[in-house]
1. Please determine, by comparing only the residues of the range 89-128 that are in contact (Cβ under 8 Å) with a residue 24 or more places away in the chain, hydrophobic (A, V, I, L, M, F, W, C) and part of a loop (DSSP other than H, G, I, E, B), which one is farthest from THR74 (Cα to Cα).
2. Do you know which residues across the range 49-78 are surrounded by 11 or more Cβ atoms within 10 Å (Cβ to Cβ) and in contact with a Ser or Thr (Cβ under 6 Å, 6 or more places away or on another chain)?
3. Would you be able to tell me the number of residues in the range 65-88 that are in a strand (DSSP E or B), under 21 Å from LYS119 (Cα atoms) and of a type outside the set (S, T, N, Q)?
4. Would you tally the residues in the range 13-51 being in a loop (DSSP other than H, G, I, E, B) and either out of contact with any Pro (no Cβ under 9 Å at 6 or more places or on another chain) or at pLDDT 95 or above (or both)?
5. Just give me the residues in the range 103-126 being within 17 Å of VAL48 (Cα to Cα) and surrounded by 14 or more Cβ atoms within 10 Å (Cβ to Cβ), in sequence order.
6. If we keep just the residues of the range 50-71 that are hydroxyl-bearing (Ser, Thr, Tyr) and in contact with an Asp or Glu (Cβ under 6 Å, 6 or more places away or on another chain), which is nearest to SER98 (Cα to Cα)?
7. Does any residue of the range 55-64 turn out to be β-branched (Val, Ile, Thr), assigned to a loop (DSSP other than H, G, I, E, B), modelled with pLDDT of 80 or more and out of contact with any Phe, Trp or Tyr (no Cβ under 8 Å at 6 or more places or on another chain)?
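The values are calculated or read from the model by the stated rules, or taken from the named source; none is laboratory data. Computed from a predicted structure; not experimentally measured. No Cβ is skipped: glycine too gets one built from the backbone with ideal geometry, and neighbour counts run over all protein chains shown.
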Amino acid sequence: MNIVPESNRQIAISNGEIEQVQQEEKEYCLLGTFLRTKGLNLYYYNPVDGSVKEAIIKYSDTIHVYKLPDKWLTIDWEAQKTTVEGRYIYFEALNLNSAKQRVKRFKVGLVKELFNLKKPNPDGIKFY
């Protein structure tokens, strides 16, 4: 009977098992932060089937309170979060009908880019 030490033993793993482990190790990461316009809703466009749907937005319960010399300031920096999928194009519109019209104008070429979210200021907000 041959006895092989544990350190020298090779384990045969199939490609399916390796792929499954790699998919389980995939984690969500922050892709970016964008500013929203008040009064507009977030929609996404699926270029494969041409559908337009409203994105699901989650709200946080965290509120930051700052004391200014004359008043208190409450800011909710993490108020709205959503999970973004890479195969969709996200944009803002007033309602579903205006979102569909924006997609039609994008397809025709009247709108150069469907994505219309704004990036935040890298210097931040200064409270003086």
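1. LEU114
2. ALA55, ILE57, ILE63, GLU78
3. 2
4. We begin by selecting, within the range 13-51, every residue in a loop (DSSP other than H, G, I, E, B); these are 13-14, 26-34, 36-40, 47-50.
If we keep only those that are either out of contact with any Pro (no Cβ under 9 Å at 6 or more places or on another chain) or at pLDDT 95 or above (or both) too, we end up with 13-14, 26-32, 36-40, 47-50.
Summing the residues that are in a loop (DSSP other than H, G, I, E, B) and either out of contact with any Pro (no Cβ under 9 Å at 6 or more places or on another chain) or at pLDDT 95 or above (or both) in the range 13-51 gives 18.
5. VAL103, PHE106, LEU114
6. So, considering only residues that are hydroxyl-bearing (Ser, Thr, Tyr) and in contact with an Asp or Glu (Cβ under 6 Å, 6 or more places away or on another chain), the one nearest to SER98 (Cα to Cα) is SER60.
7. Checked the range 55-64: at least one residue is β-branched (Val, Ile, Thr), assigned to a loop (DSSP other than H, G, I, E, B), modelled with pLDDT of 80 or more and out of contact with any Phe, Trp or Tyr (no Cβ under 8 Å at 6 or more places or on another chain).
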